[in-house]
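Bear in mind that the values in this text are calculations on the coordinates, not laboratory data. Values in this document were obtained by computation on a predicted structure and should not be read as measured data. Cβ sites come from the backbone with ideal geometry, for glycine too, and all protein chains shown count toward neighbours.
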Amino acid sequence: MALPWTEKYRPTSVTGFVDNGKALRQLDEWLTSWTKGTPRKKAAFLHGPPGVGKTVCVEVLAKAHDFDLISLDASNYRTKNALERIVGAASSQRPLFGVKGRLIVLDELEGMSGSQDRGGLSTIARLTKTTGCPMVLIANDVWNPRFSSLRSSCFVIKFQRVPARSIIAHIRKICVREGVLAEEEALSLIAKRAKGDLRSAMMDIQALSQGKSFLAYEDVRWLGDRDRQEAIFTVLGRVFNAKTCWEARRAVDVADVDYEMLFEWIYENAPHQLSNIEDLSAALDALSRADIYFRRVRAFRAWKLLKYAFDQMTAGVAMAREKSPRRWVSFKFPQRISVMSRTRRTRRLRKELGLKLGATLHMSADSVVRDVLPYLRIMFSNDDAAATKLMDTFDLDETLVAYLRESGG
Ligand SMILES: Nc1ncnc2c1ncn2[C@@H]1O[C@H](COP(=O)(O)OP(=O)(O)O)[C@@H](O)[C@H]1O
Ligand SMILES: [Mg+2]
């Protein structure tokens, strides 16, 4: 339940693998060739954009070929010594009969940064020639000059972006499994925005359908496609560059943009558009007044106040510009919207825990979250006996326990 869908629906066999069939086949054949002897190229280099199944592909094939997978990412093999200790040893011998062959994976090669790792890369280059077991390297960009020697010593396998129709089919299947009824337009907008990155489409669909049994296009719309972004850019351009109040007020008429959304856009972009600190401060004042009006509109259904909110948000912001030069600065997508939507579940669980523990500990929910949760997390992941006791004391249900056991969060 607490699992990210990218993990929950991570393929465990080749049948669950979506698209990139050619790459899968190439890797499969190369691994098969190891069962008949040592192939000419003893290392494969998988490359392609993020979230298209490079890592997963190796996992499912290792399983299919019954290899012992030794998987490392750059944080484990940053230095030459570490590489020699871990990878050198593992790759030096061919296993005896009856023992599973090993498959060494060095994932996220890009993570080896800077000059101090140069020794690392040349060690890897040497290992790709001397290894006694198959070795797979993974990176996004094989054409990075740092990988030039690896390009020639490895069997290079290219992964492609996942086509939108495959992404749609995949997330639709997930929705069915999760009991979420999703509008087709919602799915295709998510797929379109993912631009071939299946992982990010899966993260979006999970974030957006959290706690819902019906996902409408409306729920997804704010992710915005190109047209909408252009519409909003026009509005923003007019708000930030209007020379008169009237002009600024008129800006919002040109597009049907949700007012809360527009507020987020203006708020996000004000610091970039108004370089003078006093101008910015005046604009933020205007936005804070707009925010107050919006709250009253929502709380008391006082629609009459809406126009004051609009005035503050448009004319108020436009008139804030006194010293900031007018120059072209690209608009930024409101971070708050994406962050809030991705973190909704976490925030809800945290609040629930805060209230629950606070009642027993006589603390406010906020201070529980700040001062108590970090320790609980450690106890829950390290000490089962203590965890059980705490669970009873505070009467925590499975969801809350699962949340406390998650790392990071
Ligand atoms: N081709 C694919 N088939 C099935 N699932 C995929 C595929 N590509 C990505 N995924 C999903 O996205 C997650 C991340 O995939 P991963 O293999 O780590 O991507 P990469 O290594 O290319 O960045 C997986 O856990 C899986 O759920
Ligand atoms: Mg990966």
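Taking only the alpha carbons of region 20-158, what extent do you get along each of the three principal axes, in Å, biggest first?
41, 32, 24
Could you tell me how far the Cα centroid of region 147-214 sits from the Cα centroid of region 345-409, in Å?
33
Hey, in the GNM for the chain with a 10 angstrom Cα cutoff, which one of I292, I232, I171 fluctuates hardest?
Comparing I292, I232, I171 in the GNM, the peak value goes to I292.
If packing is taken as the average number of other Cβ atoms within 10 Å across a peptide's residues, how do 276-287, 130-141, 34-45 rank, most packed first?
Values: 276-287: 17.2, 130-141: 20.5, 34-45: 15.2.
Listed from highest to lowest mean packing, they are 130-141, 276-287, 34-45.
Could you work out the Kirkwood radius for the chain, taking every pair of different alpha carbons, averaging 1/r and inverting it, reported in Å?
Numbers: mean 1/r = 0.0392 Å⁻¹.
With all distinct Cα pairs of the chain included, I get 25.5 Å.
Using the Kirkwood radius over C-alpha pairs as Rh, can you work out the diffusion coefficient of region 121-188 via Stokes-Einstein at 10 °C, viscosity 1.306 mPa s, in µm² per second? Walk me through the numbers before you get to the answer.
On the way: Rh = 15.4 Å.
For these conditions, the coefficient is 103 µm²/s.
Zone of R165 (label point 7 Å along Cα→Cβ, backbone N under 19 Å): which residues in region 186-215?
The answer is 186-198, whose backbone nitrogens lie closer than 19 Å to the label point.
How high is the FRET efficiency from D392 to Q335, r the C-beta distance, R0 45 Å, rounded to 0.05?
On the way: r = 40 Å, r/R0 = 0.89.
Once the sixth-power term is evaluated, E becomes 0.65.
Considering the chain as a Gaussian network with a 10 Å cut-off on Cα pairs, which listed residue, V87, V317, V176, attains the greatest mean-square fluctuation?
V176
May I ask you to derive the relative contact order of the chain, considering only C-alpha pairs under 8 Å and at least 6 residues apart, and to give it as an integer percent? All intermediate terms of the calculation are to be shown ahead of the outcome.
Working: 540 pairs, mean separation 54.5, N = 409.
RCO, the chain: 13 percent.
Arranged by the count of other C-beta atoms within 10 angstrom, fewest first, what order do T15, T343, T393 take?
Details: T15 7, T343 13, T393 10.
By the 10 Å Cβ count, ascending: T15, T393, T343.
Give the residue from G354, A385, P325 lying farthest towards the positive end of the charge dipole for region 304-409; charges sit on Cβ (+1 for Lys and Arg, -1 for Asp and Glu) and the dipole is referred to the Cα centre.
The listed residue farthest towards the positive side: P325.
Could you pull out every one of the lysines with an alpha carbon less than 21 Å from that of K195, ignoring same-chain neighbours closer than 8 positions?
Within the straight-line limit of under 21 Å, K195 reaches these lysines: K22, K54, K158, K173, K332.
Normalised radius of gyration for region 164-221, please: alpha carbon Rg relative to 2.2 N^0.38 Å, two decimal places.
Working: Rg = 9.7 Å, N = 58, 2.2 N^0.38 = 10.3 Å.
Output field value: 0.94.
Sketch the reach of a paramagnetic label on D28 as a point 7 Å from Cα along Cα-to-Cβ, and name the residues of region 186-201 whose backbone nitrogen lies under 13 Å away.
none
Can I get the semi-axes of region 344-405's equivalent ellipsoid? Compute them from the C-alpha gyration tensor as square roots of 5 times the eigenvalues, in angstrom, largest first.
On the way: eigenvalues 56, 33, 23 Å².
For region 344-405, the semi-axes come out at 17, 13, 11 Å.
Quote the FRET efficiency, to the nearest 0.05, computed for D66 versus S281 with a Förster distance R0 of 51 Å and r equal to the Cβ-Cβ distance.
Numbers: r = 65 Å, r/R0 = 1.28.
Computed FRET efficiency for D66 and S281: 0.20.
How much length is gained if the chain between D219 and E184 is pulled fully straight, taking 0.36 nm per residue apart and subtracting their Cα-Cα distance, in nm to one decimal? Each step should come with its number before you reach the end.
Details: separation 35, 0.36 × 35 = 12.60 nm, distance 1.23 nm.
Separation in residues times 0.36 nm, less the Cα-Cα distance, equals 11.4 nm.
Given an 8 Å cut-off on Cα distances and at least 6 residues of separation, report the relative contact order of region 164-221 as a percent.
Details: 62 pairs, mean separation 25.2, N = 58.
After rounding, I find 43 percent.
Along Cα→Cβ, 7 Å out, is where each label goes; now give me the distance between the ones at R347 and S75 in nm to one decimal.
Those two pseudo-labels are separated by 2.6 nm.
Dipole magnitude of the chain about its Cα centre, charges +1 at Lys/Arg Cβ and -1 at Asp/Glu Cβ only, in debye to the nearest 20? Write out the running numbers ahead of the final one.
Numbers: 64 positive and 48 negative charges, 223 e Å.
In debye, rounded to 20, the chain gives about 1080.
To make sure I understand, if each residue's beta carbon is the centre and we count other beta carbons within 10 Å, what order do H272, H47, H65 fall in, fewest to most? Display every interim value, and only then the final one.
Numbers: H272 13, H47 22, H65 17.
With the sparsest Cβ surroundings first, the list reads H272, H65, H47.
Grab every C-alpha pair in region 226-332, bin the distances at 5 angstrom width from 0 up to the longest one, and report whole percents.
2, 14, 25, 27, 19, 10, 4, 1, 0
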